[in-house]
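Step one of this worksheet: look at the structure below.
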Amino acid sequence: MHEAKTHLSRLVERVEAGEEITIARAGRPVARLVPLDPPGEPRRLGVWKGKVRVADDFDQTPQDIIDSFYGD
């Protein structure tokens, strides 16, 4: 653990290069440093425009479904 604290910058550089590092306390593994997944592509607005239709009764929930939420 002490070594990890002392050399954290170097360990992070190794993780950035793709390595997974296990940190131990008293010889027992307690944590892992792993690389994060690379960020995906940014979201583009309007991709589904014209491809999705919302039904006219979308906001109208049938009474039997509402009742089932309340145990009636």
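The values are calculated or read from the model by the stated rules, or taken from the named source; none is laboratory data. These figures come from a predicted structure and were not determined experimentally. Ideal geometry is used to build each Cβ from the backbone, glycine not excepted, and the neighbour counts take in all protein chains shown.
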- Query: Considering only residues of the stretch 1-23 that are at pLDDT below 90 and of a type in the set (D, E, K, R), which is nearest to Pro39 (Cα to Cα)?
  - Reply: Lys5
- Message: So, in the stretch 21-72, exactly how many residues are under 30 Å from Arg10 (Cα atoms) and either in contact with a Lys or Arg (Cβ under 7 Å, 6 or more places away or on another chain) or surrounded by 10 or more Cβ atoms within 10 Å (Cβ to Cβ) (or both)?
- Response: 11
